[in-house]
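Participant: Quick one: structure below, then a few questions.
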Amino acid sequence: MTQQSTFRRIITTDLPVLLIVLFAMAPFVWMILTSLTPTATLSATGVSLSPMGWSMDNYVRLIEQTSFLKNMLDSLIIAGGTVVVGLLVSVTAAYAFSRFRFTGRKLLMMQFLLINMFPIVLLILPLFVLMRSVGILDTHFGLILANATVAIPFAVWMLTSYIAAIPKSLDEAAMTDGCSRLTALRKVVLPLTMPGIISTGIYIFITAWNEYLYALTLGGRNVRPVTVAIQTLIGEYQIEWGLLAAGAVVGAMPATILFLLVQRRLIGGLTQGAVKG
Amino acid sequence: MSLSNTSPLQRHWVFAWRSERLLPYLLLAPAVVVTLVIVFMPMVQAVWTSFYDLILFKPNASKFVGFGNYVKLFNDPVFWTALWNTLLWIGLTVPLQMGLGLLAALLLNREFPWRGLARALIIIPWALPSVVIALMWRWIYDPNTGVLNDILVYLSIVQTAVPWLADPDVAIYAIIATLTWQGFPFFAVMILAGLQGIPKSQYEAASIDGASAWRQFIHITLPGIAPVLATAGLLRVIWVANSMDVIFVMTGGGPGYATHTLPLYAFIKARQNLDFGYGTSIAVTFTILLGAFVVLYLARTMREVER
């Protein structure tokens with residue numbers, strides 16, 4: 001009887017789930033296999049499925065012949081900078097939204113939500129003109145600012161819902177004990193919100209790391225994040241798929257690993273945001 | 001009441017009351033100022049630019065043309081092609097993502113031993129950079145060496161290799177398939193959260209009453225996840241409409257104009273022809289068209305906030 005129900009479960013649940021998981025993973029796995037196949041083999045017999053034909057050849061060439069490590073550093077600086085800028089200005093804003101009822105609160109909250117909906121194309125063109133006249137095109141700072149257009153509104157909303165989940169009575173108690181508002185924020189609310197701040201920061205990092213259009217338009221010779229660098233691996237006359245795949249795998253790794261590490265908490269926050277507003 | 005004849009204690013309270021009134025604005029100031037400078041200023045400039053004939057490499061030839069760019073747009077056949085492609089793009093991608101996401105969520109909501117692992121693995125497409133996704137699928141779709149053609153020819157589903165991204169009739173559907181793959185995990189995760197919010201007792205009561213699995217799905221599950229579907233769906237329409245990086249890397253809008261969507265057309269006009277005046281006028285038009293969905297979403301979300 002139980003054997004039969006186990007069998008039934010495998011047919012109706014495990015097997016379909018396996019199919020969907022395979023569908024979700026197959027393209028990336030194919031990319032990894034491609035990156036492990038040496039270029040000569042790739043053009044002769046195609047992607048090697050057995051470990052016998054694998055080598056790190058493409059990865060070695062990626063590190064030795066291209067500036068990929070430098071591009072990784074660029075991405076790291078930009079994504080890290082975006083996290084710092086995004087969180088710094090958002091924490092206090094989120095505290096204001098969740099703890100105070102003031103004139104214009106709704107309007108300001110809506111403003112931050114609205115920014116998130118703006119087409120990036122509408123911002124990218126004037127930002128290019130603006131940054132060119134100020135002279136911050138092709139700098140880390142310029143790209144950090146550009147990514148902040150996405151990061152700040154997102155962080156404000158996420159942090160507002162995190163802080164709202166902490167009982168008001170806690171900071172009121174601290175204030176009765178003689179703390180000022182800001183001390184209460186620093187000593188009581190911040191430590192309690194830390195998990196939320198960290199996952200928001202990680203999500204900002206992932207988005208900034210993966211960002212492509214700003215990097216392409218506002219970056220250039222000096223500052224070239226990985227997402228743009230991967231595309232320049234396409235050769236002039238023919239596409240070197242092995243090298244390209246290696247670049248794609250290395251470039252995608254940091255964000256993917258971070259995502260898998262924090263997915264549970266991240267998704268909790270994101271869905272709460274969407275389900276409850 | 002003047003401050004001079006109040007006691008120090010009273011003065012302290014007046015001061016505290018005042019700063020308490022001002023404090024939220026002070027706390028908000030950094031975020032508001034930064035967004036004003038990097039979002040709203042550029043936006044106003046975009047609208048402004050769209051009234052000018054501005055080619056970036058000859059800034060001196062810039063001149064005010066009023067609604068000239070918009071009139072030009074109206075008579076531009078590529079604009080109408082791009083508009084139609086945008087509608088097709090949203091109209092197919094979002095429902096496909098939602099359908100596949102719903103299926104995945106229903107499966108993941110069941111009990112099985114490796115559920116946590118499956119849930120983690122299924123979101124991989126969501127974490128990948130869009131450039132990687134686009135290049136990956138270009139490699140899969142490649143007419144000569146791509147694995148998709150190999151598989152389809154091997155299974156004799158097609159006789160000869162299909163040039164997925166080079167055929168103007170097929171290219172946009174190929175990209176829609178890619179975007180469906182990229183976006184379904186988002187729906188799966190959101191819907192799963194909705195499913196877990198439905199009380200089990202409702203299902204128990206229904207099965208005691210003898211309701212079939214299908215009827216339970218229609219009368220309990222669907223109403224239970226309807227709010228999530230609406231919110232996630234709206235969010236996704238806006239997101240899919242805006243996302244052009246995958247198309248840009250996969251086909252660059254081609255062959256011909258077959259995969260041009262409105263934001264992509266604006267981007268290409270500005271990037272390749274440096275025609276910023278016309279480019280921004282397309283972007284502004286697109287934003288206005290998208291506005292309806294944005295307003296719906298804002299209204300929905302702000303109503304939730306008020307509660």
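Participant: From zero outward in steps of 10 Å, how is the percent of C-alpha pairs of region A:144-232 spread across the bins?
Facilitator: 15, 34, 23, 16, 10, 2
Participant: Output the DSSP H helices from chain B with an along-axis C-alpha extent of no less than 20 Å and a mean Kyte-Doolittle hydropathy no less than 0.0.
Facilitator: Span-like helices here: B:8-35, B:77-108, B:171-196, B:222-242, B:276-306.
Participant: May I pose another question? Kirkwood hydrodynamic radius, computed over distinct alpha-carbon pairs, for region B:154-242: how many Å, to one decimal?
Facilitator: Across region B:154-242, the inverse of the average 1/r is 16.4 Å.
Participant: Can you find, among A:Gln111, A:Leu233, B:Phe267, the residue sitting farthest towards the positive end of the charge dipole of the protein assembly as shown, where Lys and Arg contribute +1 and Asp and Glu -1 at Cβ?
Facilitator: A:Gln111
Participant: Which whole-number percentage describes the relative contact order of chain B, with Cα contacts under 8 Å and a sequence gap of 6 or more?
Facilitator: 27 percent
Participant: Give me the dipole magnitude in Debye, nearest 20, for region A:142-216 about the Cα centre, with unit charges on the beta carbon: positive for Lys and Arg, negative for Asp and Glu.
Facilitator: Dipole about the Cα centre, nearest 20: 100 debye.
Participant: Sticking with this structure for a sec: For chain A, what are the per-bin percents of Cα-Cα distances with bins 5 Å wide, up to the bin holding the maximum?
Facilitator: It works out to 1, 5, 10, 12, 13, 12, 12, 10, 9, 7, 5, 3, 2, 1, 0, 0, in whole percents.
Participant: Could I have the simple spin-label model distance between B:Arg110 and B:Ile157, label points 7 Å from Cα toward Cβ, reported in nm to one decimal?
Facilitator: Between B:Arg110 and B:Ile157, the simple spin-label model gives 2.3 nm.
Participant: Additional query: Would you please give the residues with an amide H less than 5 Å from that of B:Tyr52, counting only those at least 5 places away or on a separate chain, with H modeled from the backbone geometry?
Facilitator: Result for B:Tyr52 returns B:Val65.
Participant: Next question. Only Cα pairs within less than 10 Å get springs; with that Gaussian network setup on chain A, which residue of A:Gly86, A:Gly251, A:Gly135 has the largest fluctuation?
Facilitator: A:Gly135
Participant: Could you tell me whether region B:72-306 comes out rounded, prolate or oblate from its Cα gyration tensor? Rule is a ≥ b ≥ c as square roots of the eigenvalues, rounded for a/c under 1.5, then prolate if a/b exceeds b/c, otherwise oblate.
Facilitator: Cα axes put region B:72-306 in the oblate bin.
Participant: Another question about this same structure. Could you give me the ³J(HN,Hα) list for region A:206-215, computed from phi with Karplus coefficients 6.51, -1.76, 1.60 and θ = phi - 60°, whole Hz, x at Gly and Pro?
Facilitator: Karplus-based 3J(HN,Hα) across region A:206-215 equals 4, 4, 5, 5, 7, 5, 10, 5, 4, 4 Hz.
Participant: If neighbour count is taken as other Cβ atoms inside 10 Å, put A:Tyr95, B:Tyr52 in order from fewest to most.
Facilitator: By the 10 Å Cβ count, ascending: B:Tyr52, A:Tyr95.
Participant: Mind listing the long-range amide H neighbours of B:Thr259? Cut-off is under 5 Å, sequence gap 5 or more, other chains count too, H placed in the peptide plane at 1.01 Å from N.
Facilitator: Counting only residues 5 or more places away or on other chains, the set is B:Gly254.
Participant: State which entries of B:Lys63/B:Lys269; A:Lys106/A:Lys168; A:Lys106/B:Lys72 exceed 27 angstrom in Cα-Cα distance in the structure shown.
Facilitator: Pairs exceeding the cut-off: A:Lys106/B:Lys72.
Participant: Could you give the radius of gyration (one decimal) and Dmax (whole number) of the Cα atoms in region A:31-145, in Å?
Facilitator: Rg then Dmax for region A:31-145, in Å: 22.9, 70.
Participant: Normalised radius of gyration for the protein assembly as shown, please: alpha carbon Rg relative to 2.2 N^0.38 Å, two decimal places.
Facilitator: After normalising by residue count via 2.2 N^0.38 Å, the value is 1.06.
Participant: For chain A, modelled as a Gaussian network with Cα springs under 10 Å, which listed residue fluctuates most, A:Met110, A:Met72, A:Met158?
Facilitator: A:Met110
Participant: Next up: If the only charges are +1 at each Lys and Arg Cβ and -1 at each Asp and Glu Cβ, what is the size of the charge dipole of region B:72-306 around the Cα centre, to the nearest 20 debye?
Facilitator: 340 debye
Participant: Find which of B:Leu26, B:Asn144, B:Gly252 sits farthest along the positive direction of the dipole of chain B, computed with +1 on the beta-carbon of Lys and Arg, -1 on that of Asp and Glu, about the Cα centre.
Facilitator: Sorting the options by dipole projection puts first B:Leu26.
Participant: Only Lys, Arg, Asp and Glu count, each charged at its Cβ (+1, +1, -1, -1), so figure out the dipole size of region A:67-276 about its Cα centre, rounded to 20 debye.
Facilitator: So the magnitude is around 720 debye.
Participant: Can I ask one more? In region B:179-218, what is the volume of the convex hull around the alpha carbon atoms, normalised per residue and reported in Å³?
Facilitator: Measuring per residue, one finds 65 Å³ for the Cα hull of region B:179-218.
Participant: Moving on to the next point. Report, in deg cm²/dmol and to the nearest 500, the calculated mean residue ellipticity at 222 nm for chain A, where each DSSP H run with n ≥ 4 adds -39500 (n - 2.57) and the sum is divided by the residue count.
Facilitator: Rounded to the nearest 500, the figure is -25000 deg cm²/dmol.
Participant: Please list, in order, the residues from region A:188-231 whose amide nitrogen is less than 16 Å from a point placed 7 Å along the Cα→Cβ vector of A:Leu261.
Facilitator: Residues A:195-210 fall inside that zone.
Participant: Roughly how many Å is it from the Cα centre of region B:220-273 to that of region A:177-196, as a whole number?
Facilitator: Rounded to whole Å, the Cα centres lie 41 Å apart.
Participant: Okay, moving on. Could you identify which residue out of B:Phe286, B:Phe74, B:Phe217 has the top mean-square fluctuation in a GNM of chain B using Cα springs shorter than 10 Å?
Facilitator: B:Phe217
Computed from the coordinates by the stated procedures, all read-outs in this text should not be read as laboratory data. Computed from a predicted structure; not experimentally measured. No Cβ is skipped: glycine too gets one built from the backbone with ideal geometry, and neighbour counts run over all protein chains shown.
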